[in-house]
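Report on the structure given below.
The values are calculated or read from the model by the stated rules, or taken from the named source; none is laboratory data. As the structure is a computational prediction, the values presented were derived from the model and not from experiment. Cβ sites come from the backbone with ideal geometry, for glycine too, and all protein chains shown count toward neighbours. Surface areas here come from the heavy atoms of the whole protein model, side chains and all, with no ligands, DNA or RNA. Shrake-Rupley method; radii C 1.70, N 1.55, O 1.52, S 1.80 Å.
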Amino acid sequence: ENMKKVLMLLVLVCLTTNLFAAASAEAEKTAAAPKEITVAIPALPATVEPGKEVLVSMYRVFMNMYDTLITTDYQNNTGMVPCLAESWEQINPTTLEVKLRKGVKFHNGTDFNADDVLVTFSKERLFGENPAVGIKDKNWAAFKEVQKIDDYTVRFITKQPDPTMVQILSLPCYSIISGEDFKNTDFIKWQFKPVGTGPYKIVEFNDTEHLILEANQDYWGGKPAFDKVTFKVVPEIAARVAGLQSGDFHVIADVAPDFHNMVTADSRLEITGGSIATARTIYMNMHKPYMDIYLRKALSLAID
């Protein structure tokens, strides 16, 4: 049972795409949980700078290395819950005030505070005309600025009311980085070994081969489940399934439907899935004559 719990934890934390297969606890319930685990995935992102890549390959690994201010409770399905933020309050339609968690340290040992949030969402990194990540505005066009109220309080200001602000702050691309390390490191080097606060820190990264992580023993959220996690690039699904069956991999990603029977036929294996980390919005083309107010109201009322 404990083996199943730690495997499910890894799956929920590291993945936001369709289905996974993992070694079943029923066949191994008498064995001790592994201290090291290998996850076979189709691809890795080109860099591990969380603001640079908005891809499935990014989502499935970044959640292990970084923390967001707010996160989604995937295990209990209770919605948005605190992470590096202790609490938040909508001050007005365009302002969200966030109280930050105290006592959190980055992988390099420095303390987390409001200054790191300011650098994370700065013009130099994400929202300027020529941001370091290379993509202006990313997927938050309404963002205006973030203000520091004190060392552990910030306010996010948008250009117009944005009902998705809390969900957006939970996206991995808005993970919090070490502001001090970002400012003192050349970006070319930084993007391959950034500094976050997550349960695992980078040991080695090769985007065509593997990403090796080790446990952050000082993690504010408690002791990580494993001492070492290796994400191994295995492009072919057949090779991933074969590796899972042979015991070379503990978890594999992207199990296509036509491979389900092959996996479930082995009593030691199981397939699982879960929610995806995304904020869904609807945009209406106001320049078309058929998008009148009654149709827009009808569309709004049709959404639960």
Task: Top-ranked residue of the range 67-80 - restricted to ones that are closer than 27 Å to residue 202 by Cβ and at pLDDT below 95, ranked as surrounded by the most Cβ atoms within 10 Å (Cβ to Cβ) - done: 72
Open item on the list: For the condition surrounded by fewer than 12 Cβ atoms within 10 Å (Cβ to Cβ) and either under 27 Å from residue 160 (Cα atoms) or at pLDDT below 95 (or both), what is the one hit in 113, 92?
Closed with: 92
Task: Pairs with Cβ under 8 Å, 6+ apart, first in the range 56-72 and free of Cβ contacts under 8 Å to residues at least 24 places away in the same chain, second buried (at least 23 other Cβ atoms within 10 Å of the Cβ) and not in a loop (DSSP other than H, G, I, E, B) - done: 57/41
Open item on the list: Given the condition at pLDDT below 95 and surrounded by 17 or more Cβ atoms within 10 Å (Cβ to Cβ), answer yes or no: does some residue in the range 146-157 qualify?
Closed with: no
Task: Subset of the range 222-250 (residues that are among the acidic types (Asp, Glu) and farther than 24 Å from residue 67 by Cα) - done: 236, 248
- [ ] Report yes if some residue within the range 97-112 is farther than 18 Å from residue 220 by Cβ and either in a strand (DSSP E or B) or free of Cβ contacts under 8 Å to residues at least 24 places away in the same chain (or both); otherwise report no.
- [x] yes
Task: Count - residues of the range 179-211 that are in contact with a helix residue (DSSP H, G or I) (Cβ under 6 Å, 6 or more places away or on another chain) and either open to solvent by 40 Å² or more (accessible area, probe 1.4 Å) or among the small types (Gly, Ala, Ser) (or both) - done: 3
